[in-house]
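Coordinate-derived values only; no laboratory data. Every value quoted in this text rests on a predicted model; they were computed, and no experiment measured them. Counting neighbours? That spans all protein chains shown, and the Cβs are built from the backbone with ideal geometry, glycine included.
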Amino acid sequence: MHILINKNYLTYNKLKVKCAIGKKGIGNKKKEGDLITPIGVFKIKYILYRKDRVKVLTKLKKKVIKKNMGWCDDPNSSYYNKLVKLPFTHKHEKLYKKENIYDIILVLNYNMNPVKKNKGSALFIHVSKINYKKTEGCVAIKKINLIKLLRMINPNTRVKISHRK
């Protein structure tokens with residue numbers, strides 16, 4: 001069964017919740033930083049989570065987010081679109097944040113095998129801001145709904161991002 005994501009909703013089985021998507025909507029992703037949530041069907045590689053903020057019950061592979069963890073979003077780096085250890089010299093995003101948006105992250109396998117330079121990085125499902133503020137291309141839902149979703153899915157679950165329902 002797929003997690004379905006379209007314009008304003010994430011649906012899985014009987015769970016249907018509001019979500020935030022990229023500032024420029026769902027579409028064919030052209031390049032890094034284009035603010036588009038890419039169309040496609042994606043595997044969930046693993047879960048990253050803040051052990052000090054949430055207990056994660058899931059059948060998926062998981063890793064604890066530590067203060068020295070980041071994600072490389074520099075197309076000129078050989079570590080582009082990969083988890084990295086900080087300090088890190090190339091452009092990256094810190095995963096250990098004061099705000100709660102990265103308390104839980106589902107890492108999707110967008111542009112990973114093989115990684116194409118400048119095609120886009122860090123496609124995540126993560127915790128939404130209170131007002132469902134649009135993202136830079138990720139999908140975001142309320143923390144409580146993300147916790148519910150993690151209990152329901154398994155390693156065979158795929159994420160389908162589409163214009164259609």
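Give me the percent relative contact order of the chain, please, defined on Cα pairs under 8 angstrom at least 6 residues apart. Don't skip to the answer; put the middle values down first.
Details: 402 pairs, mean separation 56.6, N = 165.
That works out to 34 percent.
Arrange the following residues from fewest to most other Cβ atoms within 10 Å of their Cβ: LEU10, LEU57.
In order of increasing Cβ crowding within 10 Å: LEU57, LEU10.
Out of the range 1-105, which chymotrypsin sites (Phe, Trp or Tyr not before Pro) are coil in DSSP terms and have no more than 16 other C-beta atoms within 10 Å?
Those satisfying the criteria are TYR96.
Between SER78 and LYS61, what length in nm is gained on full extension when 0.36 nm per residue of separation is reduced by their alpha carbon distance?
3.7 nm
Calculate how many DSSP beta bridges within the chain are antiparallel, expressed in % of all such bridges and rounded to the nearest 5.
65
For LYS30 and LYS160 in the same chain, what is the full-extension length gain: residue separation times 0.36 nm, less their Cα-Cα distance, in nm? Present the calculation step by step, with values, prior to reporting the outcome.
Values: separation 130, 0.36 × 130 = 46.80 nm, distance 1.83 nm.
Between LYS30 and LYS160, full extension yields 45.0 nm more.
So which trypsin sites (Lys or Arg not before Pro) in the range 72-112 pass both tests, a DSSP loop state and at most 10 other Cβ atoms within 10 Å of the Cβ? The partial results should precede the final answer.
On the way: sites: LYS82, LYS85, LYS91, LYS94, LYS97, LYS98; in loops: LYS82, LYS91, LYS97, LYS98.
Answer by residue number: LYS98.
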